[in-house]
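Inspection log for the structure reproduced underneath, given as structure tokens.
Just so it is clear, none of the values below were taken in a lab; they were calculated from the coordinates. Computed from a prediction, not measured in an experiment: that's the story for all the values here. Methodologically, a virtual Cβ is constructed for each residue, glycine included, from the backbone with ideal geometry; neighbour enumeration extends over all protein chains shown.
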Amino acid sequence: MTEVLETATMGMLGLAGVLALLRVGRGGSLPDKVLGADTLILVLASGVAAGAGVTREVSFLDALVVVTLLSFVGTITVARYVERRGARA
């Protein structure tokens with residue numbers, strides 16, 4: 001039963017990652033592309049968290065915190081840039 005849940009979780013996260021990549025590739029404006037990239041990083045972080053839960057390996061969690069903090073800082077930086085330049089940047 002647990003293996004089925006693991007497979008379903010990873011499959012749904014994989015599908016979400018593909019859809020986020022499509023959003024980055026087809027996004028017209030900079031905010032659309034940033035939203036897609038932020039979603040992709042969130043999906044990857046969720047995959048790492050799910051993998052850490054499955055393997056019961058806590059060393060993944062340190063990397064997870066670093067990646068999510070860098071993602072947050074990057075998103076805030078781009079949001080400030082878009083706010084100053086306008087949404088057509």
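Projecting the Cα atoms of Ala20, Gly51, Leu61 onto the charge dipole of the stretch 2-85, computed from C-beta unit charges around the Cα centre, puts Ala20 farthest toward the positive end. The phi torsions of the stretch 55-70, fed into the Karplus equation with coefficients 6.51, -1.76 and 1.60 and a -60° offset, translate into couplings of 7, 6, 9, 7, 5, 5, 5, 4, 5, 4, 5, 5, 5, 5, 5, 5 Hz, rounded to whole numbers, with Gly and Pro shown as x.
Of the trypsin sites (Lys or Arg not before Pro) found in the stretch 30-87, the ones in coil according to DSSP and having at most 16 other Cβ atoms within 10 Å of their Cβ are Arg56. What is the distance in Å between the Cα centres of the stretch 1-31 and the stretch 47-89? Using only Cα atoms, the two centres lie 16 Å from each other. Backbone phi angles across the stretch 20-26, fed through the Karplus curve with coefficients 6.51, -1.76 and 1.60 (θ = phi - 60°), yield HN-Hα couplings of 5, 5, 5, 5, 5, x, 9 Hz in residue order; Gly and Pro are listed as x.
For Ala45 and Arg85, FRET efficiency with R0 = 35 Å and r from the beta-carbon atoms, rounded to 0.05?
Using R0 = 35 Å, I get an efficiency of 0.80.
For the chain, the dipole from Cβ point charges (+1 on Lys and Arg, -1 on Asp and Glu) about the Cα centre works out to 620 debye, to the nearest 20. With helices as the sole contributors, the chain gives -31000 deg cm²/dmol at 222 nm; each DSSP H run of n ≥ 4 counts as -39500 (n - 2.57), and the sum is divided by every residue.
Taking one quarter of the surface of the C-alpha convex hull of the chain gives a mean projected area of 6.0 nm².
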